[in-house]
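The values are calculated or read from the model by the stated rules, or taken from the named source; none is laboratory data. Note that the structure is a prediction, hence the values are computed from the model and not measured. Backbone-built Cβ (ideal geometry, glycine too); neighbour counts: all protein chains shown. Remember, those area values only see protein heavy atoms, side chains included, never the ligands or the DNA or RNA. Shrake-Rupley method; radii C 1.70, N 1.55, O 1.52, S 1.80 Å.
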Amino acid sequence: MNAVVDSGRPMLETRGLRKNFGALEVARDVDFTLHAGARHALIGPNGAGKTTFVNLITGALDASGGDVFLNGDRITHVSEAGRVKRGLVRTFQINTLFTGLTVLENLYLAVSEHAGVAARMLRPVGSRPKVVAEAMHLLEMLQLQDDAARLITELPYGRQRLVEIAIALALEPRVLLLDEPAAGVPSAESHIILDAISGLPEEIAVLIIEHDMDVVFRFAEKITVLVSGAVLATGTPDEIGSNAEVRSVYLGEGHHA
Amino acid sequence: MADANMTPQPSPAVQQLLRRHRFRVVELLPWIAAIAVFYLFPGYRLLATQVLVLILFALSVDLIVGYAGIVTLGHTAYFGTGAYAAALLARPEWQETLWNVGAQPLVGIAAGTVAGALLGLISGWIILRTRELTLLMLTLALTFLLHELAKDIDGLTGTLITGGFDGINFTMNPILGIFEFDPIFYSTNYWYAFAVLVVGFLIVRTIVNSPFGATLVGIRENVRRMHAVGSPVQRRMLMVYVISCAIAGLAGAVWVQVQDNVTIAVYEFELAGAILIMVILGGTGRLYGAFIGVLVYMILENLTETVLGTDPPYWELVVGGALVLTVLFAPRGLLGIGEDVSTMLGRKRR
């Protein structure tokens, strides 16, 4: 299985990616490769720079040095929106939704942007029922259809997390970065999120940031460990699990499996 | 992609989204009221005309403040520029140079619209890179700058251009060469403002109901998320800003045309603040909030002045009080209260 993944072509690559906030180095020469169809996890202790790394890849933060490549193209200076258009999509660690709008409207905004109709201003939303139908279709895929008319603020947190994933899927990603998709979800509900993630289309390259080691070892075929903004190790779950250095800095604290 | 025709019964949420732009009967109400006012209160036609123009101005403000969430305290910059554009074109001394078309009302409003849009494009390109308080201060600064310019340009250039504090008086030609402006009964003036408002309103209504309008609300609700769904946020904001400034310029042009003069007041901060208060009073991001807000504000001002006099200006106290009450108890404005009441009544009926 891992051999198959490794032979895939690199979909996302960073070379010498750096970020400083003044004297504080939050990403140190990170070389990272995500292959086509990968199921890859990024782990590391709190403050290791995992979310910063995602922000650098997506362009939400400007890198201090190094490069990001998507499917072979250098996208280091492409805008955040431009990267999304090229298929680089993320979810947020903390729900980042249009809270005052309905669930369907949230999806509509993503679908209309992706379909390239979002700048049209002469005809009403209702003149393109296919875009709305597509938004509804995505909600059905994640079993959110009954919540379509509800405001985001009326949804339990766990269902909001599903909306995050639905929005990401609406953008038809080639690379999907999931930033702690189950964070803040009661454990009784987290299986819904995990099912959704397991059900992601195979062709999408997925990078998941996760604290829950059970999730990581269940989902990931490959794991990268980030410590203090630098890559400590990359390998299969078995390799990482048996890596003494990793165990001492990271797994030793929280892993009781 | 799911085929809409294949689903036998689209869900209520889908239907709601697909039908949102449809006209409802209740939307005729403000227009019927506007027609009725003309006949019922002939003595108040100047005030009523001003209300119509200010509604258009308020709509332009609501488009950026209420929908896109771009705060501004300086929209008079564009209103005033549209006003001066139309007024300068209508200056009697310049008519010959302007091939005698300068005083044509439609030429004036076209010029006001373009002037507002151009200024919006240039200023927006710069100031929309900032947010919140910085943006607020920059919009304010632009208005002050233009105010000083309009006031002092005659002295600086040594020629009579804006007329400084006194402004410019002029006479408009008949609309389309047929309908003469009427400085006593204000009938043509009123219907002219009415017609422009109808057109302006339909433009704004079309925009807010379009996919573009939906993205504006998205920008207001969560900019980070808009970036993350691949939306070119900066471009969208500039686009709506230019449209809003064009409409503000249009309103400014009509404002001076129906009154046959322009004064420095069109650039004053007082008006910029007042128009924002009107939009907040009525309810932001709701189209008809502009109608209600302007109406209530103007009536409050007028009524207080009539009852208590203009010195001291008690009406400022009344309007200020109304604003405080609105912000504290009805953050969605008077229209928000109306929505709540109708929801409550609807529940009772069921």
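Of all residues in the stretch B:207-216, those that are of a type in the set (A, V, I, L, M, F, W, C) and at the interface with chain A (Cβ under 8 Å from one of its Cβ atoms) total 3.
The single condition from (1) under 21 Å from the mean Cα position of the chain (by Cα); (2) away from chain A (no Cβ under 14 Å); (3) aliphatic (A, V, I, L, M) that B:L88 fails is (1).
Has the stretch A:65-73 got any residue that is within 14 Å of chain B (Cβ to nearest Cβ) and either within 17 Å of A:T234 (Cβ to Cβ) or open to solvent by less than 10 Å² (accessible area, probe 1.4 Å) (or both)? There is at least one residue in the stretch A:65-73 that is within 14 Å of chain B (Cβ to nearest Cβ) and either within 17 Å of A:T234 (Cβ to Cβ) or open to solvent by less than 10 Å² (accessible area, probe 1.4 Å) (or both). Of the numbered conditions (1) more than 11 Å from chain B (Cβ to nearest Cβ); (2) over 20 Å from A:T51 (Cα atoms), A:I165 fails exactly one; give the number of that condition. The failed condition is (2).
For A:T58, state whether it is closer than 14 Å to B:G230 by Cα, among the polar types (S, T, N, Q) and open to solvent by less than 30 Å² (accessible area, probe 1.4 Å). In short, yes.
Residue by residue, here is whether (1) in a helix (DSSP H, G or I); (2) closer than 24 Å to B:A290 by Cβ; (3) within 7 Å of chain A (Cβ to nearest Cβ); (4) out of contact with any strand residue (DSSP E or B) (no Cβ under 8 Å at 6 or more places or on another chain) holds:
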{"residue": "B:V199", "(1), (2), (3), (4)": "yes, yes, no, yes"}
{"residue": "B:R205", "(1), (2), (3), (4)": "yes, yes, no, yes"}
{"residue": "B:G218", "(1), (2), (3), (4)": "yes, yes, yes, yes"}
{"residue": "B:R224", "(1), (2), (3), (4)": "yes, no, yes, yes"}
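Each residue in the stretch B:221-279 was checked for being on the phi > 0 side of the Ramachandran plot and open to solvent by less than 10 Å² (accessible area, probe 1.4 Å), and 1 of them qualify.
For every residue, the table says whether it meets (1) of a type in the set (A, V, I, L, M); (2) modelled with pLDDT under 95; (3) closer than 30 Å to A:E134 by Cα.
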position: A:N2; (1), (2), (3): no, yes, no
position: A:V5; (1), (2), (3): yes, yes, no
position: A:T14; (1), (2), (3): no, no, no
position: A:G37; (1), (2), (3): no, yes, yes
position: A:R74; (1), (2), (3): no, no, no
position: A:V84; (1), (2), (3): yes, no, yes
position: A:L107; (1), (2), (3): yes, no, yes
position: A:H114; (1), (2), (3): no, no, yes
position: A:V117; (1), (2), (3): yes, no, yes
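Restricting the search to the stretch A:45-68, which residues are assigned to a helix (DSSP H, G or I) and within 16 Å of A:E80 (Cα to Cα)?
Matches in the stretch A:45-68: A:T51, A:T52, A:F53, A:V54, A:N55, A:L56, A:I57, A:T58.
Checked against the criterion of being touching a Pro at 6+ places or on another chain (Cβ under 8 Å) and touching a residue at least 12 places away in the same chain (Cβ under 8 Å), the stretch B:138-148 has no qualifying residue.
Residue-level check: of (1) in a loop (DSSP other than H, G, I, E, B); (2) open to solvent by less than 10 Å² (accessible area, probe 1.4 Å), B:G177 misses just (2).
Condition check for B:G285 on (1) in a loop (DSSP other than H, G, I, E, B); (2) surrounded by fewer than 18 Cβ atoms within 10 Å (Cβ to Cβ): one failure, at (2).
Inspection of the stretch A:75-87 finds a residue satisfying the criterion of being without any contact (Cβ under 8 Å) to a residue 60 or more places away in the chain, open to solvent by less than 50 Å² (accessible area, probe 1.4 Å), facing another protein chain (nearest Cβ under 7 Å) and part of a helix (DSSP H, G or I).
Here B:W315 fulfils each of the conditions (1) surrounded by 23 or more Cβ atoms within 10 Å (Cβ to Cβ); (2) of a type in the set (F, W, Y); (3) away from chain A (no Cβ under 14 Å) apart from (1).
For the stretch A:20-37, name all the residues that are surrounded by fewer than 22 Cβ atoms within 10 Å (Cβ to Cβ) and of a type in the set (G, A, S). Result: A:G22, A:A23, A:A36, A:G37.
Among the numbered conditions (1) among the aliphatic types (A, V, I, L, M); (2) in the same structural domain as A:D238 (by TED's automatic domain parsing); (3) within 20 Å of the chain's Cα centre (by Cα), the only one that A:A110 does not meet is (2). Only residues that are open to solvent by less than 50 Å² (accessible area, probe 1.4 Å) and among the hydrophobic types (A, V, I, L, M, F, W, C) were counted across the stretch B:149-172, and they come to 6.
Only residues that are outside any helix (DSSP H, G or I) and either aromatic (F, W, Y) or open to solvent by 10 Å² or more (accessible area, probe 1.4 Å) (or both) were counted across the stretch B:207-216, and they come to 1.
Would you mind stating whether A:G100 is assigned to a loop (DSSP other than H, G, I, E, B), open to solvent by 20 Å² or more (accessible area, probe 1.4 Å) and in the same structural domain as A:D146 (by TED's automatic domain parsing)?
yes
Kindly check whether there is at least one residue in the stretch B:270-279 that is in contact with a helix residue (DSSP H, G or I) (Cβ under 6 Å, 6 or more places away or on another chain), more than 14 Å from every other protein chain (Cβ to nearest Cβ) and over 29 Å from B:T162 (Cα atoms). So far as the stretch B:270-279 goes, yes, one or more of its residues are in contact with a helix residue (DSSP H, G or I) (Cβ under 6 Å, 6 or more places away or on another chain), more than 14 Å from every other protein chain (Cβ to nearest Cβ) and over 29 Å from B:T162 (Cα atoms). Criterion first (of a type in the set (A, V, I, L, M, F, W, C) and within 7 Å of chain B (Cβ to nearest Cβ)) does A:A115 satisfy it? No; evaluated as a whole, the condition is false for this residue.
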